[in-house]
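To start, the structure under review is shown below, and the notes come after it.
Derivation of every value follows stated rules applied to the coordinates shown; laboratory data play no part. As the structure is a computational prediction, the values presented were derived from the model and not from experiment. Ideal geometry is used to build each Cβ from the backbone, glycine not excepted, and the neighbour counts take in all protein chains shown.
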Amino acid sequence: MAIPLKRFTLRKISGSSVSSAKPKILITGVPGTGKTTVARLLSEKMDAALLDINKLVNVLKLYSSVDETDGAKVVRLKELQDELASAIKAEKRSIIVEGHLGCEMKLPVSRVIVLRCEPKILRARMVSRNYPPAKVSANALSEALDYCTVWSEKNYGKKKVWELDTTEKSAKQVADEIEKILSGKTKKKGKSISFPDALMREAITGEKIRKIF
Ligand SMILES: Nc1ncnc2c1ncn2[C@@H]1O[C@H](COP(=O)(O)OP(=O)(O)OP(=O)(O)O)[C@@H](O)[C@H]1O
Ligand SMILES: [Mg+2]
């Protein structure tokens with residue numbers, strides 16, 4: 001059974017207080033797509049509470065083990081889902097929940113935004129953040145396979161899910177686009193995002209592709 005997330009815990013994680021009922025959104029996407037950066041900008045613009053799923057996992061220790069080689073946590077997803085659902089329902093303001101694990105569960109949100117990034121650029125972002133090489137490759141592969149879109153659509157239904165390509169946009173541009181989607185100014189979704197196969201090998205392994213004649 002979920003232990004209801006106390007208000008002080010949500011404030012500690014989100015740095016926010018509480019008022020009237022508003023949109024509840026999930027920003028998800030493969031690590032490095034810019035969720036945290038964009039969610040922070042958007043929460044300021046919208047005066048929304050902000051809930052970082054990774055922080056919640058750490059604060060409540062919702063993991064059963066930690067991989068010694070890369071520090072990856074085996075998260076107890078069902079417990080995490082219950083904690084998040086309680087926190088989202090309790091929040092009276094708009095709330096932005098962000099984290100890649102959000103696509104793997106069902107949360108009481110009205111909209112899901114999946115941030116996408118061309119895998120080669122994603123690789124560069126992760127390398128510059130000193131992610132371990134195995135994690136860089138795994139995440140580039142996940143992005144190449146549309147991992148977060150596939151799971152988001154399965155868990156939340158296609159109608160709620162909007163993809164946004166961040167590859168050539170600043171975090172501020174991405175936050176502005178999300179705001180337009182939420183306000184209804186952007187009415188139509190773009191085409192489904194997929195990245196050309198030719199670049200996948202290079203994106204996943206980091207090796208330059210040589211043409212073989
Ligand atoms: N739109 C963008 N364009 C270029 N760089 C960006 C953009 N958004 C974020 N970044 C950079 O990419 C890196 C990853 O950003 P961020 O930490 O927000 O990603 P994340 O999706 O939250 O990753 P994680 O899942 O690991 O928490 C950071 O160095 C950030 O400055
Ligand atoms: Mg983040």
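Side notes on the structure shown:
- For the chain, convex hull of alpha carbons as volume per residue, Å³: 128
- By other beta-carbon atoms within 10 Å, ranking Cys117, Cys103 with the fewest at the front produces Cys103, Cys117.
- Relative to the Cα centre, the charge distribution of the chain, modelled as +1 at Lys and Arg Cβ and -1 at Asp and Glu Cβ, gives a dipole magnitude of about 660 debye.
- Comparing Ile113, Ile96, Ile193 in a Gaussian network model of the chain (Cα springs below 10 Å), the most mobile by mean-square fluctuation is Ile193.
- If you run the Gaussian network model on the chain, springs between alpha carbon atoms under 10 Å, then out of Asn58, Asn155, Asn139 the most flexible one is Asn58.
- Angle in degrees between helix 147-156 and the longest Cα principal axis of the chain, rounded to the nearest 10: 30
- With K and R counted +1 and D and E -1, the other residues having a Cβ less than 14 Å from that of Ala39 yield a net charge of 0.
- Entries of Lys73/Lys169; Lys45/Lys169; Lys160/Lys191 with Cα pairs more than 22 Å apart: Lys73/Lys169
- Here the contact order of the stretch 7-205, divided by its residue count and restricted to Cα pairs under 8 Å and six or more residues apart, works out to 28 percent.
- FRET efficiency for Val127 and Leu60, using Cβ-Cβ distance with R0 set to 35 Å, rounded to 0.05: 0.70
- Less than 5 angstrom separates the built amide H of Lys92 from those of Ser19, all sequence-distant by 5 or more or on a different chain.
- Couplings for the stretch 185-197, taken from phi via the Karplus curve 6.51 cos²θ - 1.76 cosθ + 1.60 with θ = phi - 60°, read 5, 8, 9, 10, 5, x, 5, 4, 8, 8, 10, x, 4 Hz in order; Gly and Pro are left as x.
- GNM flexibility winner over the chain from Asp52, Asp82, Asp70 (Cα, springs under 10 Å): Asp70
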